[in-house]
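Right, one structure below, let's go through it.
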Amino acid sequence: MSNPIRIILLDIGGVLVEFRGISSLQAWIGNRLTPDELWRKWLSSSFVRAFESGKIGPDTFADQLIADMGLPVSRKEFLEAFTAWPKGVYPGAIRIISRISSEYVRATLSNSNVLHWPRLMDEMGLRNLFAYHFASHLMGKLKPDREVFEHVVSVLKCEPSAILYLDDQPLNVEAAQLIGFQAVWVKEVQEVERVLTCANVL
């Protein structure tokens, strides 16, 4: 790492918590798209962006997404399955977070929503492990938009280069790097531990 780190900023889905959403969507659409194609469609969906920035509620989100993607499920079926997409914290993730030295500020930055957030924070026990949580639906801002990273810097009152940011989506990593974050692409918790160890954070 090129500059002194003060803040450890972690994405949640795919980094600390396992999500099973893409496999559910693939089953519904009959594997018409590859996982990468489906993920890009999801990330670029105006309905997903509206829901995850808190602009529309779950019912509207479900109705619009079902119609847009031609999903063969009812609103009730979709929302029940969608709420269950966060499968659980990866084994060892909480232990790794707890090992981060107290000299660093711990925070999360996640595109989330009103259905997943209570499960992540309370059911999965992430709320009190971090000093700050930056959730898209609470901020009204989404990754990989520049403004979300600028918001984090403003709240934390730090230089962008003081933030070590880990995310499993290359687009988010690239956007954070453009702001000046020390951002690293990781997949699952083993790589989180490796990066934090190499940065002398653990």
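The numbers here are math on the coordinates, done by the rules we state, and not lab data. Keep in mind that this is a model prediction, so the values were computed, not measured. Methodologically, a virtual Cβ is constructed for each residue, glycine included, from the backbone with ideal geometry; neighbour enumeration extends over all protein chains shown.
Would you mind ranking 132, 165 by Cβ crowding within 10 Å, fewest neighbours first? Write out the running numbers ahead of the final one.
Working: 132 14, 165 24.
Ascending Cβ contact count within 10 Å gives the list 132, 165.
Work out from phi, with θ = phi - 60° and the Karplus expression 6.51 cos²θ - 1.76 cosθ + 1.60, the ³J(HN,Hα) of each residue of region 124-132, listed in order in whole Hz, and give x for Gly and Pro.
9, x, 8, 4, 8, 7, 10, 6, 9
So what is the calculated 222 nm ellipticity per residue for the chain, using -39500 (n - 2.57) for each DSSP H run with n of 4 or more, over all residues, to the nearest 500 deg cm²/dmol? Please list the in-between numbers first.
Working: 10 runs with 89 residues, N = 202.
That calculation yields -12500 deg cm²/dmol at 222 nm.
What does the charge dipole of region 21-84 about its Cα centre add up to, to the nearest 20 debye, if the Cβ of each Lys and Arg holds +1 and the Cβ of each Asp and Glu holds -1? Don't skip to the answer; put the middle values down first.
Working: 7 positive and 8 negative charges, 22 e Å.
That gives a dipole near 100 debye.
Amide H neighbours of residue 90 under 5 Å, at least 5 residues apart or on other chains, H built in the peptide plane: list them.
Those lying under 5 Å, H to H, from residue 90 are 17, 18.
Which of 33, 44, 58 sits farthest toward the positive end of the charge dipole of region 21-84, with +1 on the Cβ of Lys and Arg and -1 on the Cβ of Asp and Glu?
The one lying farthest along the dipole's positive direction is 44.
Going toward the positive end of the dipole of region 1-135, with +1 on Lys and Arg Cβ and -1 on Asp and Glu Cβ, which of 24, 72, 98 do you reach last?
Highest projection toward the positive end goes to 98.
Magnitude of the Cβ-charge dipole of the chain, K/R +1 and D/E -1, about the Cα centre, nearest 20 debye? If you can, show how the numbers build up before the last one.
On the way: 21 positive and 23 negative charges, 41 e Å.
Computed charge dipole of the chain: roughly 200 debye.
If the viscosity is 1.306 mPa s and the temperature 10 °C, what Stokes-Einstein diffusion coefficient in µm²/s follows for region 21-84 when Rh is the Kirkwood radius over Cα pairs? Could you put the intermediate results ahead of the total?
Values: Rh = 11.9 Å.
Estimated diffusion coefficient is 134 µm²/s.
Suppose every Lys and Arg Cβ carries +1 and every Asp and Glu Cβ carries -1, with no other charges. What dipole size does region 103-202 come out with about its Cα centre, to the nearest 20 debye? Let's see the in-between values first.
Values: 9 positive and 13 negative charges, 36 e Å.
In debye, rounded to 20, region 103-202 gives about 180.
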